[in-house]
Amino acid sequence: MAYESSIPFADIRDFREAEINGISALFTMCRLDSETLPADFHSCEVMGGRGSDFQWLVPLALANFTGTFVSRQPLLREGQASAEIRRYGIYDATTVDEWSENNNDNS
C-alpha cells in the first residue's frame, strides 16, 4: 500500500547513510513506494510524536510522517505493527550503490 504521493525507489536521489536501532540503513525524507523496492530490501516509515520527530517505525505512517528508512534487514519483526525508535543516526549523503557496496553482507 502506498500514498498517491509515494515515489518509486529508483527515483529517489536524496538518500543519507543511517543507522536505526543498531541496523545499517538508508534514510530519505521522501515517502517511497515500498512495492518498488528491490527484493532484498525492506523499508519502514518514521512516525513522530510527543516532541520527537523520530518516535516509531511503522509500515505506513498515517500521521506525523517524518521520513523513510530502507535496509537489507527487516526493521520490524514478522507480525509487528510498530517499533519504538531507541537509537538512530543520520549521516552523509550517499547513493544506493555506494551504500550497497559497504553493506553487501545483509547487515
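Give me the net charge for the shell around SER71: Cβ to Cβ below 11 angstrom, other residues only, Lys and Arg +1, Asp and Glu -1.
Neighbourhood net charge equals -1.
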*Helix-derived [θ] at 222 nm for the chain: sum -39500 (n - 2.57) over DSSP H runs of at least 4, divide by residue count, nearest 500?*
-1500 deg cm²/dmol
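Tell me, Kirkwood radius of the chain from alpha-carbon pair distances, in Å? Don't skip to the end; give the middle numbers.
Working: mean 1/r = 0.0728 Å⁻¹.
Mean inverse Cα-Cα distance, inverted, gives 13.7 Å.
Report the GluC sites (Glu not before Pro) located in the range 27-93 that are in a DSSP loop and have at most 16 other Cβ atoms inside 10 Å of their Cβ, or state none.
Details: sites: GLU35, GLU45, GLU78, GLU84; in loops: GLU78.
Passing sites in the range 27-93 are GLU78.
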_Virtual spin-label span in nm between ASP53 and TYR91, 7 Å along Cα→Cβ_ = 2.0 nm
*Which FRET efficiency value, to the nearest 0.05, is calculated for SER100 and GLU4 with the Förster distance at 25 angstrom and r the Cβ-Cβ distance?*
0.30
*Round to a whole angstrom and tell me the spacing of the C-alpha centers of the range 12-34 and the range 67-106.*
6 Å
*Mean separation of Cα pairs under 8 Å and 6+ residues apart, divided by the residue count of the chain: what relative contact order is that in percent?*
32 percent
*Specify the longest stretch of the chain that does not include any exposed loop site, a site being one of the trypsin sites (Lys or Arg not before Pro) with a non-H, G, I, E, B DSSP assignment and at most 12 other Cβ atoms within 10 Å.*
14-49
*Report the residues of the range 26-47 in range of a label on ALA83: point 7 Å along Cα→C-beta, backbone N strictly under 19 Å from it.*
26-29, 32, 34-35, 37-47
*By the scheme Lys and Arg +1, Asp and Glu -1, what is the net charge of all other residues having a beta-carbon under 10 Å from that of ILE20?*
+1
*Just GLY22, GLY49, GLY79 to compare: in a GNM of the chain, with alpha carbon springs under 10 Å, which one fluctuates most?*
GLY79
*Using a 1.4 angstrom probe and counting only protein chains, how large is the accessible area of SER52 in Å², to 10?*
50 Å²
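How large a share of the accessible area of the chain, in percent, is made up of carbon and sulfur atoms when the probe is 1.4 Å and the other protein chains stay in place? Before the final figure, lay out the partial values.
On the way: 2890 of 6330 Å².
Result for the chain: 46 percent of the exposed heavy-atom area is carbon or sulfur.
Considering Cα pairs under 8 angstrom that are at least six residues apart, work out the relative contact order of the range 55-107 and quote it in whole percent.
Relative contact order for the range 55-107 comes out at 47 percent.
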*Accessible area of MET29 in the full protein assembly, 1.4 Å probe (Å², nearest 10)*: 120 Å²
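The values are calculated or read from the model by the stated rules, or taken from the named source; none is laboratory data. All values derive from a computational prediction rather than experimental measurement. Backbone-built Cβ (ideal geometry, glycine too); neighbour counts: all protein chains shown. Remember, those area values only see protein heavy atoms, side chains included, never the ligands or the DNA or RNA. Shrake-Rupley method; radii C 1.70, N 1.55, O 1.52, S 1.80 Å.
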